[in-house]
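We did not get these values from a lab; they are worked out from the coordinates using the rules stated. Being a predicted model, the structure only gives us computed values, none of them experimental. Backbone-built Cβ (ideal geometry, glycine too); neighbour counts: all protein chains shown.
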Amino acid sequence: MSTVTSTGSSTPTPPRRGGPARAASDGWVVAKRNLIKIKRVPEVLVFVLISPIMFVLLFAYVFGGAIDPGGDVPYREFLIGGIFAQTVVFGATFTGAGIAEDMQKGIIDRFRSLPMSPSAVLVGRTASDVVYNVLSLIIMALTGLLVGWRAREGVVDMLAGFLLLLVFAYAISWVMAWVGLLVPSVEVINNASFIVIFPLTFVSNAFVPLESFSSGLRVFVEWNPVSALTQASRELFGNIDPTVPAPDVWSLQHPALYTLLWVVLILAVFVPLSVRQYARASSK
């Protein structure tokens, strides 16, 4: 296959390289390109890290005295699992915003002219945003320690809790990648993502106990994947009061498994959708 230049000569189009290994290799190059932006535009990283600190301090000191989680676990320990879940879900929006920005600036078209795997841009973008989420979790954990949070189940369970948060965020980043390829600008994806993410995070058990919701809304909260992610985080961090009755719904009795089922479902649906939409969008 070839393209015709302005002088009338024919220039061969770089061959597309496929396969999972090639996608991973090319994706790593794209991921490094995204991470280099941290050095060039450090303000982005500063605001990414300030946001979780603000949420921890705001809920711990402003709303903490007004919310009773029940039992003997203080609200600040109850809170951190929810803040972790909220922050990694919100952090996934960077994927969509980054892709929308690259589409708007024509950078995606430049990538298409290179002999690289068609899925490398998406793989690299979603992988680089895992780094942002890792940094956010570290900052939140340190801030949580300052306000009284403790991980009481040991190092292995604590690391398992952080890993579960990152895996779920990675899955959500593929949803945002698909949305980023659909919308015309960064401003649109910011507004569109918040319309979806705000209900998921705030209509959950992230900030208030399950018992505070009305019976009709409680059904949604119980099966909300963010609620399961929050519940699993609290269990793995040891922030669950053993004197409080266990939830009577399967999704919160097995929150880690339910969260992983959502991860598999989201990736199975949105990875192919994103790759297909990338091919359509970049061919316009």
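Some points to look at:
- Approximating the spin labels as points 7 Å out from Cα along Cα→Cβ, the ALA279-to-ASP157 distance works out to 4.6 nm.
- Equivalent-ellipsoid semi-axes of the stretch 21-282, from the Cα gyration tensor, Å, largest first: 34, 19, 16
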